[in-house]
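Novice: This is the structure I want to talk about, given as structure tokens.
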Amino acid sequence: MNSEKHYLGIDVGSVSINLVLINEQHEVLDKLYVRTEGKPISILKKAIEEISLKHHGDLKICGVGVTGSGRDLAGVMVGADVVKNEITAHGLAVLTSIPQASTVIEIGGQDSKIIIIRNGVVSDFAMNTVCAAGTGSFLDRQAARLNIHIEEFGKLALESKSPVRIAGRCAVFAESDMVHKQQMGCHPEDIVKGLCEALVRNYLSNVGKGKEIRPDIVFQGGVAANQGIRAAFEEALGCEVIIPEHYDVMGAVGVAILAQREVERKGCTSFKGIENIKQNFNVRTFECAACPNSCEIVEFIAGETILARWGDRCGKWTMKNEKKSELRSLA
Amino acid sequence: MVITFPHMGKMYIPVKALFDELGVDIIIPPKINKDTLDIGLKSCPEMACLPLKVTIGNYVESIKRGADTIVLSGSCGPCRFGYYGVIQKEILKDLGYDVDIVILDPPREGLRELIDRLKKISGNCSLYSGLAALSKAFKVSEGVEELLELVLKQRCKEINKGDTDDILSRFEEKVRKVKGANKILDCIQDAKGELSKVRLDSKKKTIKIGLVGEIYTIIEPFVNFDIEKKLGDMGVEVHREMSVDNWVKYHLFPDIKFRRKQKRTLKYAKDYLDLCIGGHAWETIAHALYYARKGMDGIIQIMPFGCMPEIVAESILPTLAKNENIPVMTLVVDELTGEAGYQTRLEAFVDLLQLERSRKENEFGEALSWN
């Protein structure tokens, strides 16, 4: 038994849910990376149970932070101390683990972003706009189409001797270009390498547009596991790219650190406890008829009680989750 | 003749005042919602810019309620907006609506034509009563703008979240029901009075953000996901130089004092852009510099997807941001924009500004302690 304090960071993304446990020294004790499969509530429940089973009774969660596109939902579900956007969370995690970093390249399931760090603070950032080309979901799809395991996808690219050129501006064009090259008889490894290069080109001219990309460069997010993309980045930027040890869960690490700070500031945690997360959660939606906006309201229910509502433009329904807005302004 | 017009933020209030005074029947299009946008998406060319689609939705919804004449302002270019009127007429014809579209181009494009068109929609009133109606509508326009500015100042500091917006939405409900400019002015006064009673945390330190970009996307809350409210609720004081009132003052009324001021503001941009390249690109750059020199913490540019003038401005902004040392973020709105990603960007931008602010304050604090 130890009496160490633990902080839980949760990142509910479009493709994966990541959990990390850190101690007071910000060391990652355990991490869990599971697929969202379109069911964030039940998968998150399972993930929390899994992590608590693994540590038996040794777990002493003193604070919880949530981030990712599903942060509002997860925040209400677990009783989070901090609900924070993923850009700030990623930035903080990098600043804590790799202080000399100047540029962060982050490619996740549906988002890709660039974070510029100067003098130890986030000074600028950008996210992909209307196009999801080059993100994890697109790579997933292409790997499935070529019948290559996504884990093997990057390795395959490294075997290529003469990559083919693929149009990277748009996911749809990239796909039809790949089909065309494949039907011409090009080798799969050359096509995969070509795709990696196209995606990097697309990232640099789209997300990285007008930004000064200075070393040290950190590459993180689920796609950082792809060696082909990493190699393509190093080739395009002409310098080494650092991949942090916990590249796939950096958002969760960042928000766990934020949770620790927040708990230290206010002196207690709002975490509901693992037992309370096991209860039944339900979601109900209805269309508000009060005005022509006809917003779709989502109600989040635990057992019999309504925990939160969101989706309205006027604030008539969301204002009732006072706690949520408090959380936001505090952090 | 029943007149309707496109929505743009709270523009319908002065327009209503004008036609009420002229004694012309109007139909205010219903507040923009998903259905409005859907109508536009179905009937407009996919490549057209977002405001064209949304305003087509406005017309169709009004026509279904009985409108037969559409009034909108034109500008004869130099951006796609200059062709809105003629293209929308064709689109409505294809949809099977036989309505009259009256385009009011600025006087320099032909005074005679403008007067004829004005006569057509003014219900044959005398010149005197026409001018009287215009001047009253002008007062309403000013009053609405003052009210909105008050809202921007207060929202970020209110103690009970939502108080300010409650008053604003009650005001909007009331104003649709009354008739005549004087009654509307009374409503504005009442709302101002109510706003002055909202409890505020006057000591609260707020981050200041200036909005720049294309006028429609800045002003219409439906297309920009109510950015003013979102930022206000995060404790941000929003500044917006672009407004219906300023547009009216600059383009329609011979308000010399205001024109001089506007010209001075535009001169700010001279090192970056020294002429009108269409749309509001010039204003975007000028206002960004104006905000930077006024000591704002950050600037947000909003534009519809594919807006050429704003794309030019967007590529100028990074240089400006570097020279003036002020963070700038660009948001592109389109029919597909997901609100979650939008919220994330806004939150992250506010975090960034807050960190920067506290870093500056710390430096200042240290400087003091060295003395």
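Novice: Within the set B:LYS10/B:LYS197; B:LYS31/B:LYS230; B:LYS203/B:LYS270; B:LYS10/B:LYS249, which residue pairs have Cα atoms separated by over 27 Å? Please report the intermediate quantities before stating the final value.
Specialist: Numbers: B:LYS10/B:LYS197 23 Å; B:LYS31/B:LYS230 19 Å; B:LYS203/B:LYS270 37 Å; B:LYS10/B:LYS249 16 Å.
Result: B:LYS203/B:LYS270 exceed 27 Å.
Novice: For segment A:100-243, compute Rh as the Kirkwood radius over C-alpha pairs and then the Stokes-Einstein diffusion coefficient at 37 °C and 0.692 mPa s; write the answer in µm²/s, rounded to an integer.
Specialist: Result for D is 216 µm²/s.
Novice: Taking every DSSP beta bridge that has both residues in the protein assembly as shown, what percent is antiparallel when rounded to the nearest 5? Each step should come with its number before you reach the end.
Specialist: On the way: 37 of 76 bridges.
Percentage antiparallel, nearest 5: 50.
Novice: Just counting partner chain Cβ atoms within 10 Å, what average do the residues of peptide A:290-296 show around their Cβ? Display every interim value, and only then the final one.
Specialist: Details: counts 0, 5, 9, 7, 3, 2, 1.
Mean shielding by partner chains, rounded to a whole number: 4.
Novice: In chain B, what % of DSSP beta bridges are antiparallel (nearest 5)?
Specialist: 5 percent
Novice: Testing the spin-label approximation: label points 7 Å from Cα along Cα→Cβ at B:MET308 and B:ARG259. State their distance in nm.
Specialist: Taking the simple label geometry, B:MET308 and B:ARG259 are separated by 2.8 nm.
Novice: Measure nothing but the geometry: give the 0 to 90° angle between the long axis through the Cα atoms of B:181-196 and the longest principal axis through the Cα atoms of chain B, rounded to 10°.
Specialist: So the inclination is approximately 20 degrees.
Novice: With viscosity set to 1.306 mPa s at 10 °C, what whole-number translational diffusion coefficient in µm²/s follows for segment A:165-252 from Stokes-Einstein and a Kirkwood radius over Cα pairs?
Specialist: Calculated translational D: 113 µm²/s.
Novice: Just want the answer: with Cβ charges of +1 for Lys and Arg and -1 for Asp and Glu, which residue in A:MET178, A:ALA143, A:ILE217 is farthest toward the dipole's positive end in segment A:100-243?
Specialist: So the residue we want is A:MET178.
Novice: Treating cross-link reach as a plain straight distance, find the lysines whose alpha-carbon is under 20 Å from the alpha-carbon of B:LYS119, omitting any fewer than eight places away in the same chain.
Specialist: B:LYS16, B:LYS136
Novice: Rounded to the nearest 20 Debye, what is the dipole magnitude of the protein assembly as shown about its Cα centre when Lys and Arg each give +1 and Asp and Glu each give -1 at the C-beta?
Specialist: Computed charge dipole of the protein assembly as shown: roughly 1800 debye.
Novice: 7 Å from Cα along Cα→Cβ at both B:GLU142 and A:CYS291: what's the point-to-point distance in nm?
Specialist: 2.8 nm
Novice: Determine Rg/Rh for segment A:59-150; Rg is computed over alpha-carbon atoms and Rh is the Kirkwood hydrodynamic estimate from the same atoms.
Specialist: 1.05
Novice: Here is a further query. As a test, work out the antiparallel percent of DSSP beta bridges whose residues both lie in segment A:100-243, rounded to the nearest 5.
Specialist: 65 percent
Novice: Spin-label point model (7 Å from Cα, Cβ direction): what's the B:ARG117 to B:ASP98 distance in nm?
Specialist: Result: 2.3 nm between the two label points.
Novice: Another question, if that's okay. Based on the Cα gyration tensor of chain A, what are the three equivalent ellipsoid semi-axes, each the root of five times an eigenvalue, rounded to whole Å and given largest first? Write out the running numbers ahead of the final one.
Specialist: Working: eigenvalues 258, 113, 75 Å².
Rounded to whole Å, the semi-axes are 36, 24, 19.
Novice: Further, regarding this structure: Using only helices, what value at 222 nm comes out for the protein assembly as shown when you add -39,500 (n - 2.57) per DSSP H run of length 4 or more and divide by the total residues, to the nearest 500 deg cm²/dmol? Mind dumping the intermediate values first?
Specialist: Numbers: 26 runs with 340 residues, N = 702.
For the protein assembly as shown, the value works out to -15500 deg cm²/dmol.
Novice: Cα centroid distance between segment B:92-139 and segment B:262-339, in Å?
Specialist: Using only Cα atoms to place each centre, the spacing works out to 32 Å.
Novice: Another one. Across peptide B:151-164, how many C-beta atoms of other chains are within 10 Å of each residue C-beta, on average?
Specialist: Mean number of neighbouring Cβ atoms from other chains: 1.
Novice: Moving on to the next point. Over the protein assembly as shown, how many percent of alpha carbon pairs lie in each 10 Å bin up to the one with the longest distance?
Specialist: 3, 13, 22, 25, 19, 12, 5, 1, 0, 0
Since every read-out is calculated from the coordinates, none of them should be taken as a lab result. From a predicted model like this one, the values you see are computed outputs, not experimental measurements. So basically every Cβ, Gly included, is an ideal-geometry build from the backbone, and we count neighbours across all protein chains shown.
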